[in-house]
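The values are calculated or read from the model by the stated rules, or taken from the named source; none is laboratory data. This structure is a prediction, so every number in the text was calculated from the model and none was measured. Every residue, glycine as well, gets a Cβ built from its backbone with ideal geometry; the counts of neighbours run over all protein chains shown. Surface areas here come from the heavy atoms of the whole protein model, side chains and all, with no ligands, DNA or RNA. Shrake-Rupley method; radii C 1.70, N 1.55, O 1.52, S 1.80 Å.
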Amino acid sequence: FLQVNDVACRRLGYTRKELMSLTPRDITLPEEYERIVDKRIGLTSQGDILVETVHVTKDGLKIPVESNIRQFQYLGRQVALSISRDITERKLAEQETAILAEIGRVIGSTLDINQVYKRVDAEVRKLIPYDRLLVNLKKTQEGEFIVAYASGVDNPRRKIGDLYPSQGSATGVVMNTRTGILIQPTDAEEIKDLYPNLYETFKTGLRSTMSVPLISMGEVIGSMNFRSEKLKAYTEQDLHLAERIGMQIAGAIANAQLFSKCRLAEERYHRITEAITDYIYT
């Protein structure tokens with residue numbers, strides 16, 4: 001390097017002296033560096049190229065960047081000026097869009113409710129880290145809910161098929177308020193009175209909770225709940241993303257429920273028809 005600015009030093013984690021002792025190869029993934037060199041070879045002595053690449057910090061962190069590289073002659077030497085900007089947020093947004101589209105595709109390809117849960121679980125895990133995922137569905141007008149799906153760390157107090165009152169639970173709150181919540185206490189005593197159900201969950205080692213409503217056709221049908229063993233695991237950005245996912249899958253769950261009811265009704269109709277036929281011929 002002939003010169004570096006303060007932002008480059010700060011982003012890459014080096015002092016100016018340290019960074020000036022390195023070369024572009026030292027801060028770029030090997031395969032990315034070769035790709036950029038190949039592009040530059042094709043240029044004339046003066047020209048620009050715009051590339052997306054990956055820089056590596058002193059601590060080994062990989063940062064996606066967009067670099068505008070200009071080649072020119074300086075004091076009789078061929079040099080390159082590289083102006084790079086961090087595009088981490090853009091890459092995350094692109095990843096979110098792609099995975100949300102995939103969620104839409106997979107849940108639209110089946111009416112089997114169990115397949116919907118499993119496929120959503122697999123895709124959502126790529127976006128939001130969690131140690132346990134729960135889908136609770138409203139069961140009665142009194143606000144009771146049933147655990148329809150669970151994966152990850154086992155919680156003996158929350159089993160698939162069990163019925164629970166909504167009072168004192170995160171599900172009860174999101175079903176009433178129709179909005180997502182983050183519950184991330186540093187100590188279990190902070191939530192003992194307000195969320196007695198989560199108090200027990202906290203003691204099992206699951207320290208962070210994020211819950212969002214499932215709303216279909218204007219009606220709250222349940223909640224999707226993320227649990228993490230990490231303290232303060234979730235951000236407001238995670239919550240907004242989870243709410244988007246909840247809105248997306250609520251319709252698929254409602255459709256699958258309707259399909260299941262129709263299938264059960266059809267099976268019941270056939271049983272009654274067969275019974276009547278048997279009775280007539282008997």
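Tabulated data for the structure shown
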item	result
Filter on 91/118; 62/232; 17/58 - keep pairs with C-alpha separation over 21 Å	91/118; 62/232
Solvent-accessible area of residue 83 with every protein chain in place, 1.4 Å probe, in Å² to the nearest 10	110 Å²
Partners for residue 138 among aspartates and glutamates (Cα-Cα distance below 14 Å; same-chain residues under 8 apart left out)	162, 219
Options 76, 19, 204, ranked by Cα towards positive dipole end of the chain, top entry (Cβ charges)	76
CD proxy at 222 nm, helix term only [per DSSP H run n ≥ 4: -39500 (n - 2.57); per residue of the chain; nearest 500]	-13500 deg cm²/dmol
Segment 144-206 shape via C-alpha gyration tensor axes, a/c threshold 1.5	oblate
About the Cα centre, charge dipole magnitude for segment 5-156 (Lys/Arg +1, Asp/Glu -1 at Cβ), debye	500 debye
Expected-Rg normalisation [2.2 N^0.38 Å, Cα atoms] applied to the chain	1.46
Rough spin-label spacing in nm, given labels placed 7 Å along Cα→Cβ, for residue 244 and residue 115	2.7 nm
FRET efficiency, residue 232 to residue 31 (Cβ-Cβ, R0 35 Å, nearest 0.05)	0.45
Dipole moment magnitude, nearest 20 debye, segment 200-247 about Cα centre, only Lys, Arg, Asp, Glu C-beta charged	240 debye
For the chain, accessible area per residue (1.4 Å probe, heavy atoms of protein chains only), Å²	60 Å²
Heavy-atom accessible surface of the chain: percent carbon and sulfur, 1.4 Å	53 percent
P(r), alpha carbons of segment 108-184 - 5 Å bins starting at zero, rounded %	3, 13, 22, 23, 24, 12, 3, 0
Isotropically averaged projected area of segment 183-224, using the convex hull of Cα atoms (one quarter of hull area), nm²	3.3 nm²
Bins of 5 Å from zero: percent of alpha-carbon pairs in segment 1-96	2, 12, 22, 25, 20, 12, 5, 1, 0, 0
